[in-house]
Every structure is written in C-alpha cells, then in structure tokens.
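Here is the structure we will look at, set down as structure tokens.
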Amino acid sequence: MKKHDADFLFKKMANGYVDVYGGELKKEMEDMQRTGAAEPDAQNNVVRRIKAKSKARVSGVLGVLAACIVLAVAIPAVLDRLSPMFDAVSTSTTDEAAAEAVMEEATAGEAESWDYAMEEAAPAAGSAAEQPAADAGGAQQYDIIPLNATLPDNFTVSAVEQDVARTIYYIDDANEDNVVLTLEDTEGQALEVPEDLDVIMINGVETYGKYRPDYSVLMFEQDGIEYVLTCKYDMNTLMELGEAILI
Amino acid sequence: MILLVLAFETESDKNKFEYIYSKYKRLLYSKAYGILRDHMMAEDAVSEAMLRVYKNLNKIGDPDDGRCVAFVVTIVKNVSLTLLKRKNSNVTELLPDNSRDDFELEGDVVSRLSAGEIYTMLNKVNEEYRNVFLLKYAYDMSNKEIGKTMGISPNNVGVLLHRAKKKISVLLREEGIGL
C-alpha cells in the first residue's frame, strides 16, 4: 500500500480517537463542574459543623453563667432570712446591703449589666462569685489565634473569622481546593479525635485525617492549639498545609 | 492575565480564546497537575499551553466540540511532559530512526475496528508518541508546527511520529489486522 494510503488510514484512526477522547473529556469536565457546583455547599457544610460545635460550647458557658447568677442572687436572699438568727455577725449587714443594692439595680432594669452587678457585688458576696464573672468575660472576648506558619506559595489566606473560641482561616488554594482551617486552644484537654480518622505521620508528628466523599479532614495539636483542616477534594492539599505548619 | 499580552487578529478570535480558557482551565489544570504533581508547575503548564493554543487557534473549530477539548488537553499534556522531563533533566535530542517510513496497512483496516477499539488501541501507545500522532493526523499540523507546539525540533517530531506509527502497526498486527 502506498504511503499516502497509509496516511489516509492514520488520519481516519486519529480522528476516530479524537472524537472518542473529546467525548470522554467533556464527560469528565461535566463531572468536575457538577462537583464544583456542589463545592460551596460542602464548604458551608464544614463551616456549619464548626459553628454548631461552637454554639454547643456557648450554650454550655451560658448555662454555667446563669447558674452562677442564680446562686449569687439566692445566697444573699437566704442570708437575709437567716440574719436574725446570726445577729452576732456584724459584717453581714454590709454584705446584705451590697447584695440588696445589686438586686434592686438589676431588677429595676437599669443600665448596669449583670456582669457589672456581679463585679460590684463580688467584694461583699464572696469570692465564689468572682470566678464565673471572669469566665463570662473570657467567653465573649477571645483573641484571634495567630497562624504561625509560612504557607506554600499556592495558598493565600482570604479571610479570618473569630467564632467564639475558634479562629477560622479561609485559605484559597491555586488548585481551587480551598481549605478551611480552625484553630482553638485545647486548654490542656486531650485532642478529641473522631474514631474514623487514620493516623498520618507528618514531620514526625502524629496527625489524624481521612478522605471523605463530601470533604477531607486533617487534625492535629501543636503547642496547645488544635488545628482542624478541611477541604473539598484532595487529602494531599491538607497534608501539604500540615507540613508547612508542623515544622 | 494571558490576554494582556496577546494580540488577536479579530474580536471573534479573542472571544474564542477567552471562552476556551474559561471553559477548560480547570480541566487543563487537573491534567497538568496529574502529570507534574506540583501546583506552580501545573499553572505554568496551563499558561504555556494556552499560549500555544493561541498560536494554533485556526486549528480549532467549535470551542464546544469534543475535538477542541481533545486538542487543548493534548497540548497541555505535551507541555506538562516537557516540563517534567526538564525538571528531571531528561531532555535529549532523539536519534533518527533509520527504518523506512512506509507502513503497509490493509485498506479496510479502520472499518474493521470500532471507534472504541481504536481508542483503546491508541491508548497503548506512549503518550508522547500518541500526541504527536494526533496533532499530525487529527489536526493536520506540519512537523514544524508540532515542533513549535511541543517545544522540540521538527526532526524530533519526525522521529516521534515514526515511532508512533511503528507502534500502531505492531498493535494492529497483534489484533490480527493489518500488514
């Protein structure tokens, strides 16, 4: 067969191949677009989970605070009723007066908040009231936990948000596999690792991670800070960031 | 970014290029990353591939057509493979193949194979050889044009093309079709 005949056949084969290949690629691209469309939902899903956990934490703090307030109000009232029986205790009069003043101020709905009232009452009502007041102030005023790491060039921090005790970093990746990183002080508590996570050693540090269909996760502790990283596609993205943090 | 430095002959060329870039950039990136496993290099590969697509815009008909996707992906894969070789310091001039470049194929060989069978068979050919083969025969590019697109000399294109055809002939023979 002459060369130009062979060329004609090669041409036919090449065109046949390209038609099928193009179809395959288009299908692949549609799948990617479908995944891409779902990405914000997945991202929201991650953020929602983080916030749900934070809400539970806030509820807990508020519950403790409410219990302390009730105690702070109830104790002086009980003392008030019992005071005739303890006339000898002269200091109680001043305590009652202070506590009473606090109650009156609070029930009258005047400008002072309960925190302020508690601070005012603290010297009189006793040291037990001091601790919750300090906790209440701490629960509302968390500082942003700095991210002490040099990120690889393909990562950029696009936003930072403080969600109660957690600092949330939104990290854009050039691969569009954006990462949500949360940092939280462990306050000396051990890391709570979900059972389904695998142990992954990064730079000699034990981390825990898992590829999941909806999002991948990697978590570890360093210097008393819990790091939780999540992204949509690639576990390698998280490990790359983990390596940058765990130096 | 690329658009800033490119001069288009017509507005329609510019629109076509923009459309191709915005539509396929993610796919191109994932193909490049699949070969290079490096974000920065994959980005470079996509930029370089788009420059080459720009130079061969006349080879692309309908930007939505499968042939267009196959073309841009073939280019980005070529670029990525070249970058990978460069990274591994493995760029060498190919030695010319002395065997004659005439392949005797039966006239009805292609009609005896389905499109799926052709696809499966050509996938067995080394990717670099296959890409040259496709650019030559599916997109009617000259050796010089392919050389510019792949960043290799026209001679090397000839060598790769010859090897591709040789391999295809062998595969056809294995299938009991051909020579």
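In terms of packing, defined here as the mean over residues of other Cβ atoms within 10 angstrom, the peptides A:230-237, A:193-200 line up highest first as A:230-237, A:193-200. Look at the stretch A:150-161: the mean tally of other chain Cβ atoms within 10 Å of its residues' Cβ atoms is 1.
Taking other Cβ atoms within 10 Å as a rough exposure proxy, B:TYR19, A:TYR208 sort from fewest to most as B:TYR19, A:TYR208.
The mean sequence distance of close C-alpha pairs (under 8 Å, at least 6 residues apart), as a share of the length of the range B:11-87, puts its relative contact order at 38 percent. The simple spin-label model puts a point 7 Å past each Cα toward its Cβ; for A:ALA159 and A:ASP196 those points are separated by 2.7 nm.
Calculated FRET efficiency, B:ASP13 and A:ASP234, Cβ-Cβ r, R0 35 Å, to nearest 0.05?
0.50
Fewest-first ordering of A:PHE155, A:PHE220 by other beta carbons within 10 Å of each residue's beta carbon gives A:PHE220, A:PHE155. To the nearest 0.05, how large is the calculated FRET efficiency for A:ALA174 and A:VAL205 if R₀ is 30 Å and r is the Cβ-Cβ distance? So the FRET efficiency works out to roughly 0.75.
Readers should treat all values here as calculations from the given coordinates under stated rules, not as data from a laboratory. Here the structure is a predicted model, which is why all the values come from computation and not from measurement. Heads up, the Cβs are rebuilt from the backbone with ideal geometry, glycines too, and the neighbour counts pull from every protein chain shown.
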